[in-house]
1. Could you please put Arg41, Arg34 in sequence from largest to smallest accessible area, using a 1.4 Å probe?
2. Each residue of region 71-80 in order: what ³J(HN,Hα) in whole Hz does its phi give by Karplus 6.51 cos²θ - 1.76 cosθ + 1.60, θ = phi - 60°, with x for Gly and Pro?
3. Please compute the contact order of the chain in relative form: average sequence separation of alpha-carbon pairs under 8 Å and at least six residues apart, divided by the residue count, as a percent.
4. Among 16-23, 51-58, how do they line up from the highest to the lowest mean number of other beta-carbon atoms within 10 Å?
5. Calculated from the structure, Rg and Dmax of the Cα atoms in Å equals which of [x] 13.4, 39; [y] 30.7, 104; [z] 13.3, 49?
6. If you roll a 1.4 Å probe over the chain with all protein chains in place, what percent of the accessible area is carbon or sulfur?
7. Highest GNM mean-square fluctuation, the chain, Cα pairs closer than 10 Å: which of Val12, Val45, Val24?
8. Show which aspartates and glutamates lie in cross-link reach of Lys5 when reach means a straight Cα distance below 12 angstrom and same-chain residues fewer than eight apart are skipped.
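The values are calculated or read from the model by the stated rules, or taken from the named source; none is laboratory data. The structure displayed is predicted, hence computed values, not measured ones. Every residue, glycine among them, receives a Cβ derived from its backbone with ideal geometry; neighbour counts consider all protein chains shown. When the accessible area is computed, the model is the full protein with side chains, heavy atoms only, and any ligands, DNA or RNA have been set aside. Shrake-Rupley method; radii C 1.70, N 1.55, O 1.52, S 1.80 Å.
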Amino acid sequence: MDECKIDHDGTVTVNEVTPEGKSVSWHYTPVPGRAVSLVGRDGKVTVKKVNSHKNEQTWDFNGRTAKSTAVLSADGKTTTFTMDGTDKDGKPFHEEVVYDKK
């Protein structure tokens with residue numbers, strides 16, 4: 001089961017299972033307008049806060065870029081994350097993950 005946690009300082013930690021069945025954990029602490037490195041995974045992310053319930057991310061995975069949005073529900077209990085980009089084989093992908101607050 002994938003899990004996403006956001007700490008009070010804004011650090012985002014993702015625990016996920018890869019398509020190959022391997023459990024991985026990675027994190028980053030966003031700095032507005034600046035690309036920051038992903039810890040535990042190759043790449044960088046730039047986060048833009050759109051409003052109190054929506055962020056947009058631009059990802060750079062070793063030259064492969066992707067765009068995503070994270071939208072928090074009005075009740076603050078669910079975040080919907082969508083991402084579009086190109087995979088390592090050059091094929092386009094679309095991903096949507098819904099995280100429920102525990």
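1. Solvent-accessible surface, decreasing: Arg34, Arg41.
2. So the J values, rounded to whole Hz, are 10, 8, 5, 4, 7, x, 9, 9, 10, 10.
3. Relative CO of the chain lands at 14 percent.
4. Ranked from most to least packed, the peptides come out as 51-58, 16-23.
5. Checked against the structure: label [x].
6. So the carbon and sulfur contribution to the accessible surface is 51 percent.
7. Sorting by GNM fluctuation, first place goes to Val24.
8. Excluding near neighbours in sequence, the set is Glu16, Asp100.
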